[in-house]
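Below is one structure, written out as structure tokens; comments come after it.
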Amino acid sequence: KLAPKSISMMGFCWGCWAIWHESARVGEKFAAGVNFHPSIAIEGVFGRKIDDLADKVKNPMLMCPCKGEPAEVLENGSGHKIMLKKDFGKACEFISFLDMQHGFVSQGDVSKKEIADNINKALDGAIAFLGKNVSM
């Protein structure tokens with residue numbers, strides 16, 4: 001019987017925005033977050049900045065950005081630099097898919113080898129990241 005000592009969050013697109021908000025709001029309840037093609041830019045719809053939200057995040061994040069993501073959520077982007085300054089910063093990881101279309105992990109055409117290979121890379125990376133950050 002599994003009895004996890006911690007839980008994490010995984011999201012796609014706007015779900016990543018929710019992960020960042022929940023991390024900021026109740027981060028002590030979570031171990032980490034996995035973000036596939038993160039649409040954190042929705043923060044702008046509410047007149048807020050991605051970097052301000054990044055400053056409030058309380059958990060290590062795996063970021064898997066793809067083509068067209070804002071600079072703030074890319075590796076070495078401003079959001080990444082903000083998180084690196086936190087106690088958990090070194091636990092944050094990036095697997096970039098800058099040649100893949102937004103939504104490829106959850107909606108990609110797996111009959112195309114390049115897409116299927118990148119989906120597997122993303123999911124394998126998420127499993128590895130969670131293995132390092134979630135206690136069982």
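Other residues whose C-beta falls under 14 angstrom from the C-beta of CYS16 contribute a net charge of -4, scoring Lys and Arg +1 and Asp and Glu -1. When the listed pairs LYS5/LYS67; LYS81/LYS112; LYS85/LYS113; LYS5/LYS85 are checked against a 30 Å cut-off, the alpha-carbon distance exceeds it for LYS5/LYS67; LYS81/LYS112; LYS85/LYS113. Per-residue ellipticity at 222 nm from helix content only, as computed over the chain with -39500 (n - 2.57) for each DSSP H run of at least four residues, stands at -11500 deg cm²/dmol.
Just want to confirm a number: the relative contact order over the chain, from Cα pairs under 8 angstrom separated by 6+ residues, in percent. Relative contact order for the chain comes out at 26 percent. The charge dipole of segment 23-120, taken about its Cα centre with unit charges on the Cβ of Lys, Arg, Asp and Glu (plus for the first two, minus for the last two), comes to roughly 320 debye. Legend: Rg and Dmax of segment 1-120, from Cα coordinates, 14.4, 46 Å. Expressed as a whole percent, the accessible area of segment 3-56 that falls on carbon and sulfur atoms is 60 (1.4 Å probe).
When the Cα convex hull of segment 34-82 is projected onto planes of every orientation, the mean area is 3.2 nm².
Just to confirm a number: summing +1 for Lys and Arg and -1 for Asp and Glu over residues other than ASN76 whose beta-carbon lies under 15 angstrom from that of ASN76, what do you get? Taking every Cβ under 15 Å from that of ASN76, the sum is -2.
Normalising the average separation of contacting C-alpha pairs (under 8 angstrom, six or more residues apart) by the number of residues puts the relative contact order of segment 1-61 at 39 percent.
Roughly how many Å² is the accessible area per residue of the chain, as a whole number, for a 1.4 Å probe? Mind showing how you got there, number by number?
Working: 7430 Å² over 136 residues.
I get 55 Å² per residue for this part.
For segment 1-70, report the % of Cα-Cα distances exceeding 19 Å. Cα-Cα pairs of segment 1-70 separated by over 19 Å account for 30 percent. Protection proxy ranking, highest mean first, for peptides 119-126, 8-15: 8-15, 119-126, where packing is the per-residue count of other beta-carbon atoms within 10 Å, averaged.
The values are calculated or read from the model by the stated rules, or taken from the named source; none is laboratory data. All of these numbers come straight from a predicted model, not from anything done at the bench. Heads up, the Cβs are rebuilt from the backbone with ideal geometry, glycines too, and the neighbour counts pull from every protein chain shown. With ligands, DNA and RNA removed, areas are computed over all heavy atoms of the protein, side chains included. Shrake-Rupley method; radii C 1.70, N 1.55, O 1.52, S 1.80 Å.
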